[in-house]
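J.: So that we are looking at the same thing, I have put the structure below in structure tokens.
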Amino acid sequence: MRASITTHDGKQLAAARALAGLGIRELAGAADIAPRTLHRLEMSGVIHVSEKKRHGHVQRAVWERIIAALATAGVELLTEGGSFGAGVRWKDPRERRSHNTAI
């Protein structure tokens with residue numbers, strides 16, 4: 001049985017980081033990954049997420065740390081739907097967000 005592979009986009013990741021108001025080093029530190037790894041992911045086209053270590057893919061554990069760090073900053077990634085593209089958004093409405101959303 002093949003491992004499940006999820007795809008995301010580097011520009012989507014960069015947009016999420018920008019919305020969170022974080023620099024590459026800040027988000028990489030919060031996710032406990034190398035800034036170079038985050039930069040590589042943001043500059044890539046499609047990001048393939050896989051359970052196991054595979055060439056050209058990011059491991060799910062690493063991806064989940066990035067997503068968790070963005071969630072701490074109040075931002076989430078949206079998956080692509082049938083009639084709309086992928087994107088990013090604030091997790092909470094404006095009135096419930098703190099004034100300082102950075103980690």
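Only the coordinates and a few stated rules stand behind these numbers; no lab work does. Small disclaimer: the values here were computed from a predicted structure and weren't measured. Cβ: placed from backbone, ideal geometry, glycine included. Neighbour counts: every protein chain shown.
J.: How big, in percent, is the set of alpha carbon pairs in the chain lying more than 17 Å apart?
T.: In whole percent, the share of Cα-Cα pairs in the chain beyond 17 Å is 51.
J.: Taking the Cβ of K91 as the center, what net charge do the other residues with Cβ under 12 Å away carry, scoring Lys and Arg +1 and Asp and Glu -1?
T.: Spelling it out: positives minus negatives among the neighbours equals +2.
J.: Would you be so kind as to identify which of T72, A14, V58 lies farthest towards the positive end of the dipole of the chain, taking Lys and Arg as +1 and Asp and Glu as -1 on Cβ and the Cα centre as origin?
T.: V58
J.: Treating the beta-carbon of each Lys and Arg as +1 and of each Asp and Glu as -1, no other charges, what is the dipole magnitude of the range 5-96 about its Cα centre, to the nearest 20 debye?
T.: 240 debye
J.: Residue-wise, which Karplus ³J(HN,Hα) couplings in Hz belong to the range 62-73, taking 6.51 cos²θ - 1.76 cosθ + 1.60, θ = phi - 60°, and x for glycine or proline?
T.: 5, 4, 5, 5, 5, 4, 5, 5, 5, 5, 4, 7
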